[in-house]
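Got a structure here, written out as structure tokens. Questions coming.
The values are calculated or read from the model by the stated rules, or taken from the named source; none is laboratory data. The structure displayed is predicted, hence computed values, not measured ones. Cβ atoms come from the backbone with ideal geometry, glycine included; neighbour counts cover every protein chain shown. All accessible areas refer to the heavy atoms of the entire protein, side chains included, with ligands and DNA or RNA removed. Shrake-Rupley method; radii C 1.70, N 1.55, O 1.52, S 1.80 Å.
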Amino acid sequence: MTVMSIRGHHELNKLRTIGRIVRLALERTRAAVRPGVTTRELEEIGARVLAEHGAESAPPKVYGFPGALCISVNDEAIHGIPGDRVIREGDLVKLDLVAEKDGFFADAAVTVPAGAVSPQARALARCAERAFDAATLAATAGNRVYEIGRAVERETRRSGFQVMRELCGHGVGRAIHEPPTVPNYHDPRHRTRLTEGLVITIEPIIAAGSGRGELQPDRWTIRTADRTLSAHYEHTVVITRAVPILLTAA
């Protein structure tokens, strides 16, 4: 599979466009997260933003995923299917969106507290964001992929949490998933050098317990095996010689 590396301003501008659309869709969906709303209603908000801007959700088109957004709650780590579930006070809601426009893809995720959440839930969500920030400092041209994972794992463990080792970042840009795989832990086997213009996701997916995941009977949703809380924070980035360009962030 081809690795997406930007070749000129035209491609960068296309990626910036879809990145802005993904960000806007997540912002509007995030603003609607509150006790009493259903995950399907949240999905409809994000899908409407995509349609307004001529973009499409990629997972239904590419993989047949039954929803425009992945919406995972509490111990659901990723790939939760939108439906009739009602968000309750204290829930921890993960919104994950991959969209495509004009042949270019962007991917982002955020963890949103619904109302007043537990101190552990709030700490977990904040930790995922700090782990992302730490990883961006390692995501510079010339470094190796494993340095991103080392930064994520260090910050996560420092806060008393664990990364979910089965769940990783990845290349993105011309497809949803491209090389390289970007683990959230230090794995010296992932020695690929980061090159200027490379497009990847950095996405800490962490848990309050063991960090082990378990695929559910719907064949999409992955929950923590010990049913502890999880958090997910993600942006699509472009590698540079300095700090990466965050395509899906404000």
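May I ask you to list, by number, the DSSP H helices of the chain whose Cα span along the axis is at least 15 Å and whose average Kyte-Doolittle hydropathy reaches -0.5 or more?
In the chain, the long hydrophobic H runs are 39-52, 119-138.
Averaged over all directions, how much area does the convex hull of the C-alpha atoms of segment 1-93 cover when projected, in nm²?
7.2
Mean 1/r over all different Cα pairs, inverted: what Kirkwood radius does segment 181-243 give, in Å?
About 14.0 Å, per the Kirkwood formula over Cα pairs.
Another question, if that's okay. When only alpha-carbon atoms are used, what values of Rg and Dmax, in angstrom, describe the chain?
16.8, 48
Right, here's the next one. What is the distance in Å between the Cα centroid of segment 128-142 and that of segment 209-250?
Using only Cα atoms to place each centre, the spacing works out to 14 Å.
Provide the packing ranking of 211-222, 11-22, i.e. peptides ordered by the mean count of other C-beta atoms within 10 Å per residue, highest first.
11-22, 211-222
Principal axis extents for segment 60-167, Cα atoms only, whole Å, descending order, please.
45, 42, 21 Å, listed from the longest principal axis down.
Expected output is a single nm value to one decimal: the length gained when fully extending between Thr195 and Ala116, i.e. 0.36 nm times separation in residues minus the C-alpha distance. What is it?
So the extension gain works out to 24.2 nm.
All other residues with a Cβ under 11 Å from the Cβ of Tyr185 taken together, and with Lys, Arg as +1 and Asp, Glu as -1, what is their net charge?
With Lys, Arg at +1 and Asp, Glu at -1, the net is +1.
Mind ranking Ser57, Ser210 by accessible surface for me, highest first, 1.4 Å probe? List each step's numbers first, then the result.
Values: Ser57 20, Ser210 75 Å².
Of Ser57, Ser210, the descending order of accessible area is Ser210, Ser57.
Rounded to the nearest Å, what's the spacing between the alpha carbon centres of segment 37-67 and segment 153-183? Just the number, please.
23
Work out how much length Glu44 to Glu56 would gain on full extension: take 0.36 nm times their residue separation and subtract the Cα-Cα distance, in nm to one decimal.
Fully extending the segment from Glu44 to Glu56 adds 3.1 nm.
Related question: Read phi for every residue in segment 59-66 and hand back ³J(HN,Hα) as whole Hz from Karplus 6.51 cos²θ - 1.76 cosθ + 1.60, θ = phi - 60°, with x for Gly and Pro.
Per residue, the Karplus-derived 3J(HN,Hα) values read x, x, 6, 8, 10, x, 5, x Hz.
For segment 1-104, with every protein chain kept in place, what is the accessible area per residue (1.4 Å probe, Å²)? Write down the numbers at each step before the final one.
Details: 4780 Å² over 104 residues.
Per residue, segment 1-104 has an accessible area of 46 Å².
Comparing Ala225, Ala58, Ala128, which has the greatest mean-square fluctuation in the GNM of the chain with Cα pairs linked when under 10 Å apart?
Among Ala225, Ala58, Ala128, the largest mean-square fluctuation in the Gaussian network model of the chain belongs to Ala225.
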